[in-house]
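To start, I am sharing the structure in question, which I have written as structure tokens.
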Amino acid sequence: MSPLARATARPEGPPAERLARAWERLLACAHGAGDLSTVPLDGLGADQQRLFATYRDFLAPSPDGLSVVAHLGQSLDGRIATEPGHSTFVTGADDFLHMHRLRALADAVLVGAGTVAADDPRLTVRLVPGPSPLRVVLDPDRRLGPDRQVFRDPFPPTLVLCRADRRDRDRLGEAEIVGLPAPQGRLEPRTVLAALFDRGIRRLFVEGGGMTVSRFLAAGCLDSLHLCVAPVIIGSGRDALSLPAIARMDEAIRLAPEVRRLGEDWLFYCRLRRAPLPARQAQEIDMADPAAARARLDRPEPVPTP
């Protein structure tokens, strides 16, 4: 049985019912019907406590009102796919459930153009109860065609972010195209975050691929990284993370992760320090995309989370 089929098989019995109730509470907190700070963890079972511990940071308010989490599933030797790009399946069923939970808690899920081209993902929530988030595709040069699933399906909505000088139309299939400033010829993660924040996104899940997650990590644009490691050796292939070269080990990103068992795999839960969004970025985005500026002015200002 494939990991996806195992993830679809729903367990039954009292432990599963307790976990389902805890998940419902997390969903309520994520989507405005509850306050995570009022949940008494000491009254929960061990499985419920693990569930809350895995996702509560993603739901906690940050100083600038934004929360950004990234996830990668990799082999023991740090690969996310074979050399030709085959990645079905590196990690197991529990990691698939974990990714769908992150989608359900997020306002938006973001992937790069390479992931869409290689995997043709739907980026919807199917393995757990919960809403499917806004789908965001980073395609700076507008190289993707309208045949991908995310561009054919009208729901949930899809946003394509490209360089302002490559925005040659309003839509790609069912998806909206938005041009962003790219002074160096590439979309900077901080500009992407500011654009999504301006559209009301407060929780962003950066799902892949490796290059996209690497750029967000290198730019200091992640609050946390979930790195799921499977007990498999691919030997050669596509790297999970690819960061700028360093000369000394004291320049390395040294973490203190919480390590949790995730079925047959191990989840390294890494907290990071994201640089807060500067207020001036919203003005720069408005200049590159007047339609976004008009939309922002038409919307009421978001109420800060207490």
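Scan segment 26-49 for residues that are modelled with pLDDT of 70 or more, in a helix (DSSP H, G or I) and surrounded by fewer than 16 Cβ atoms within 10 Å (Cβ to Cβ) and report the count.
Residues in segment 26-49 being modelled with pLDDT of 70 or more, in a helix (DSSP H, G or I) and surrounded by fewer than 16 Cβ atoms within 10 Å (Cβ to Cβ): 4 in total.
Looking at this structure, is T124 of a type in the set (S, T, Y) and in contact with a Lys or Arg (Cβ under 8 Å, 6 or more places away or on another chain)?
Yes.
Would you pick out the residues in segment 122-139 that are assigned to a loop (DSSP other than H, G, I, E, B), buried (at least 17 other Cβ atoms within 10 Å of the Cβ) and either modelled with pLDDT under 95 or of a type outside the set (S, T, N, Q) (or both)?
If the condition is that a residue be assigned to a loop (DSSP other than H, G, I, E, B), buried (at least 17 other Cβ atoms within 10 Å of the Cβ) and either modelled with pLDDT under 95 or of a type outside the set (S, T, N, Q) (or both), then L123, V125, L127, V128, G130, P133, D139 are the ones that fit.
Inside segment 221-246, can you point out the residues that are of a type in the set (D, E, K, R) and either in contact with a Gly (Cβ under 9 Å, 6 or more places away or on another chain) or outside any loop (DSSP other than H, G, I, E, B) (or both)?
Selection gives R238, D239.
Within segment 244-261, identify whether any single residue is farther than 24 Å from L51 by Cα, touching a helix residue (DSSP H, G or I) at 6+ places or on another chain (Cβ under 8 Å), crowded, with 17+ Cβ neighbours inside 10 Å and at pLDDT below 95, and answer yes or no.
Within segment 244-261, none of the residues are farther than 24 Å from L51 by Cα, touching a helix residue (DSSP H, G or I) at 6+ places or on another chain (Cβ under 8 Å), crowded, with 17+ Cβ neighbours inside 10 Å and at pLDDT below 95.
State yes or no: is V116 within 13 Å of the chain's Cα centre (by Cα), under 23 Å from A81 (Cα atoms) and buried (at least 22 other Cβ atoms within 10 Å of the Cβ)?
When the stated conditions are applied, V116 does not pass them.
Looking at segment 46-101 only, could you name the residues that are closer than 22 Å to L19 by Cα and more than 19 Å from the chain's Cα centre (by Cα)?
Passing the criteria: A46, D47, Q48, Q49, R50.
Do we have L97 as in a loop (DSSP other than H, G, I, E, B) and touching a helix residue (DSSP H, G or I) at 6+ places or on another chain (Cβ under 6 Å) here?
It is false that L97 is in a loop (DSSP other than H, G, I, E, B) and touching a helix residue (DSSP H, G or I) at 6+ places or on another chain (Cβ under 6 Å).
Go through segment 265-285 residue by residue and tally those that are at pLDDT 95 or above and out of contact with any strand residue (DSSP E or B) (no Cβ under 8 Å at 6 or more places or on another chain).
Qualifying residue count for the region: 0.
Which residue is surrounded by the fewest Cβ atoms within 10 Å (Cβ to Cβ), if the candidates are limited to segment 175-193 and must be part of a loop (DSSP other than H, G, I, E, B) and among the aliphatic types (A, V, I, L, M)?
Filtering segment 175-193 for residues that are part of a loop (DSSP other than H, G, I, E, B) and among the aliphatic types (A, V, I, L, M), the one surrounded by the fewest Cβ atoms within 10 Å (Cβ to Cβ) comes out as A182.
In this structure, does H100 turn out to be without any contact (Cβ under 8 Å) to a residue 12 or more places away in the chain and on the phi < 0 side of the Ramachandran plot?
No; evaluated as a whole, the condition is false for this residue.
So F197 ticks every box in (1) farther than 27 Å from H86 by Cα; (2) outside any helix (DSSP H, G or I); (3) not small (G, A, S) but one. Which box is left unticked?
(2)
How many residues, within segment 157-174, are surrounded by 17 or more Cβ atoms within 10 Å (Cβ to Cβ) and over 23 Å from T191 (Cα atoms)?
So the count comes out to 1.
Sort out which residues of segment 176-191 are in contact (Cβ under 8 Å) with a residue 60 or more places away in the chain and more than 19 Å from L66 (Cα to Cα), and write them in order of number.
Answer for segment 176-191, where residues must be in contact (Cβ under 8 Å) with a residue 60 or more places away in the chain and more than 19 Å from L66 (Cα to Cα): V178, G179, L180, P181.
Among the residues of segment 142-151, how many are surrounded by fewer than 17 Cβ atoms within 10 Å (Cβ to Cβ) and either part of a strand (DSSP E or B) or within 21 Å of the chain's Cα centre (by Cα) (or both)?
Looking only at that region, the number is 1.
The values are calculated or read from the model by the stated rules, or taken from the named source; none is laboratory data. For clarity, every value in this text was computed on a predicted model and none was experimentally measured. Ideal geometry is used to build each Cβ from the backbone, glycine not excepted, and the neighbour counts take in all protein chains shown.
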